[in-house]
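Each reported figure results from applying straightforward, stated rules to the coordinates on display, with no laboratory input. In this text, all values refer to a predicted model and were calculated from it rather than measured experimentally. Every residue, glycine among them, receives a Cβ derived from its backbone with ideal geometry; neighbour counts consider all protein chains shown.
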Amino acid sequence: MDQQTNDLISKEIEGNEVCLFMKGTPDAPQCGFSMAVINMLKLLEVNFKGVNVLEDEKLRQGIKEFSDWPTIPQLYIKKEFVGGCDIVKEMYENGELKKILEDKGINYKK
């Protein structure tokens, strides 16, 4: 991955407490998995930044290298990689996602 892409990814993760690398935008997701993660975050009323990987092929490939994770979406909370759709869904269902948000001081609907 080139340095510019790495810097862009780092800037988004460091500049946003909750950052979702996704296909499409929060208002117009372009993949069911991205939509599923958005819906969970919206149900919890979490403020998050959506980064559309479809706008830049280097970003789309770069985020996979950055996290060493093969799929999109990818959720970061306070600079920590949480996971993709299946992991976030499981954490949402078992209450672990709320615990991470609470432990990291992120506001959400309790």
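Table for the structure above
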item	result
Search result, residues across the range 62-72 that are over 16 Å from I13 (Cα atoms) and over 12 Å from the mean Cα position of the chain (by Cα)	P70
Members of the range 29-40 found to be more than 17 Å from I106 (Cβ to Cβ), touching a strand residue (DSSP E or B) at 6+ places or on another chain (Cβ under 8 Å) and either touching a residue at least 40 places away in the same chain (Cβ under 8 Å) or among the basic types (K, R) (or both), listed by number	C31, S34
Selection within the range 12-50 - of a type in the set (S, T, Y) and either in a helix (DSSP H, G or I) or in contact with an Asp or Glu (Cβ under 9 Å, 6 or more places away or on another chain) (or both)	S34
Residues of the range 12-28 that turn out to be crowded, with 18+ Cβ neighbours inside 10 Å and without any contact (Cβ under 8 Å) to a residue 12 or more places away in the chain, as a count	0
